[in-house]
Amino acid sequence: MISKGRHTPDFSQIFALTQDDHQILSMRGLNADAQDAVGAVYAEGRSAVQTGRAKDFLSGLDTQSLSLLQEAASLAEPVDVASLSEEGAENLLLAPTEAVDLNGDGMIQTGASLGFQFPPVNASPELRAAWEKTTAGMSEGDAATLALMIGGPSVAVDGSDMRMTDFSGNFNWNAYMKQMISANEAAAPYNTAQQTQKINDQLQDFWSALKDQGVA
């Protein structure tokens, strides 16, 4: 189970697909040859991503290569380069375990698809380690549910705005986790006792891991 999430790319290293990248691509239906092929596209487009020219690079690719990138990113629709943002273009050219959040809104655009990421792509090694420790024994579904609960978007009272929590800087994790646990207790009448206890245990485990890493 891959629970590490996507992280900011390290351009100082020679690019190669990691074991996690291969596992994700395999889960998305790419055989070994297709993985090698898309890995070659990622490697070739690396400098374009680094210099903010991902859209230009994508514009020069043939239909087969764009289709391969679509499959590797698990996108439902074919890639329409002209309509992409630079962030959407760059994330298409990054490996499955990598991502950038160019506008800092906490959302990750890959191609035309928009999703959230927790831990954030720019998360500290300590936060990422706490998350990996917490989710190590979880199912994919439980890890995704917990990620959405902790790091998912919140909507303004009038429904006009969707916001992501900014976990950077001196974020107060102790206050935040207390709030999460209290919210779970408040929702107890709407859940089974087993579900309430399960969520509480997961939140407590994450809080403990944050403390172990010196984050909380």
Please verify whether segment 8-15 includes one or more residues that are part of a helix (DSSP H, G or I) and open to solvent by 70 Å² or more (accessible area, probe 1.4 Å). no
On the given criteria, is Pro96 out of contact with any Gly (no Cβ under 8 Å at 6 or more places or on another chain), open to solvent by less than 20 Å² (accessible area, probe 1.4 Å), not in a helix (DSSP H, G or I) and not hydrophobic (A, V, I, L, M, F, W, C)? yes
Among the numbered criteria (1) hydrophobic (A, V, I, L, M, F, W, C); (2) under 25 Å from Ala34 (Cβ atoms); (3) not assigned by the TED database to the domain that holds Gly29, which one does Ala147 miss? (2)
For segment 34-52, state whether one or more residues are free of Cβ contacts under 8 Å to residues at least 12 places away in the same chain and touching a helix residue (DSSP H, G or I) at 6+ places or on another chain (Cβ under 7 Å). no
Collect the residues in segment 16-39 that are in a helix (DSSP H, G or I) and not small (Gly, Ala, Ser), keeping them in residue-number order. Gln19, Asp20, Asp21, His22, Gln23, Ile24, Leu25, Met27, Asp33, Gln35, Asp36, Val38
In segment 149-185, what residues are open to solvent by 70 Å² or more (accessible area, probe 1.4 Å), at pLDDT 95 or above and not in a loop (DSSP other than H, G, I, E, B)? Lys178, Gln179, Glu185
Kindly list the number of the only condition in (1) in a loop (DSSP other than H, G, I, E, B); (2) closer than 28 Å to Ala143 by Cβ that fails for Tyr42. (1)
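The values are calculated or read from the model by the stated rules, or taken from the named source; none is laboratory data. Please read these numbers as outputs of a predicted model, since none were measured by experiment. Note that each Cβ is placed from the backbone with ideal geometry, even for glycine, and that neighbours are counted across all protein chains shown. All accessible areas refer to the heavy atoms of the entire protein, side chains included, with ligands and DNA or RNA removed. Shrake-Rupley method; radii C 1.70, N 1.55, O 1.52, S 1.80 Å.
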